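Here's the structure, in structure tokens; my notes come after.
Just so it is clear, none of the values below were taken in a lab; they were calculated from the coordinates. Everything numeric here is computed off the predicted structure, so don't read it as measured data. With ideal geometry, Cβ positions are generated from the backbone for all residues, glycine too; neighbour counts draw on all protein chains shown.
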Amino acid sequence: MSTQADPRVVRTRRLLQDALLELAREKSLDEITIADIADRAAVNRSTFYQHYADKETLLADALDEQAAAAGADLTSPDLVLTPGGTTSPDLVLRYIRHVTAHADLYRRALGEHGSPIVTARLRRRITALTMTGYALYGLDETELKIPVDIAAAATVGSLLGMLLACLESEPPPPPEQIAAWIWSELPRPHG
């Protein structure tokens with residue numbers, strides 16, 4: 001049995017994603033309506049709802065698709081953490097380059113009036129990287145002095161804050177610097 005998606009579904013989702021991304025470059029996410037997205041994609045509102053429950057999920061999917069197309073999917077099996085690694089993996093740098101290339105959109109999506117779904121997905125991905133790092137280095141509650149999930153939440157909050165601050169900087173730091181800063185904050189063995 002094939003698990004390949006229906007090409008019509010893929011095409012319609014792509015149209016909706018592209019429409020939202022275009023609109024998000026023109027105005028704030030709060031100002032964009034489902035009708036705006038459907039009109040831009042040249043589909044009915046009912047077609048929108050056949051594919052997405054809301055525009056936040058559409059935005060999250062659109063950003064995920066763009067990251068994957070740029071070879072920057074943080075859930076990729078290509079992202080391998082190794083003990084003693086001091087430089088950020090190419091995948092992390094590609095992701096930061098992707099984010100900075102679309103800085104306006106990510107500022108809006110991750111900012112104060114942004115998308116909780118986009119933020120939650122990115123939080124989950126960074127949490128997974130952080131937990132992988134803790135396991136790789138054998139960092140547990142005894143070593144960390146706090147529960148592992150609380151330590152991970154602190155790291156993830158810091159990294160999201162760092163990313164947003166970099167995106168809001170004028171001029172923004174180069175992607176290589178942002179990736180290095182983020183990588184330096186991920187779990188490492190102490191001492």
Among GLN17, GLN66, GLN177, which one moves the most in a GNM of the chain with springs linking Cα atoms closer than 10 Å?
-> GLN177
Ranked by Cβ crowding within 10 angstrom, fewest neighbours first, how are HIS51, HIS113 ordered?
-> HIS113, HIS51
Helix-only CD estimate at 222 nm, as mean residue ellipticity for the chain, using -39500 (n - 2.57) per DSSP H run (n ≥ 4) = -21000 deg cm²/dmol
Here the alpha-carbon Rg of the chain over 2.2 N^0.38 Å rounds to 1.13
Cα-based helix-to-principal-axis angle, 148-168 vs the chain, degrees rounded to 10 = 60 degrees
Measure out, as a whole number of angstrom, how far apart the alpha-carbon centroids of the range 5-22 and the range 124-156 sit.
-> 36 Å
To the nearest 20 debye, the chain has a Cα-centred charge dipole, built from +1 on Lys and Arg Cβ and -1 on Asp and Glu Cβ, of 320 debye
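Which longest run of the chain has no exposed loop site in it, a site being trypsin sites (Lys or Arg not before Pro) in a DSSP loop with at most 12 other beta carbons within 10 Å, and the site itself not part of the run?
On the way: sites that count: LYS27, LYS145.
Here the longest run is 28-144.
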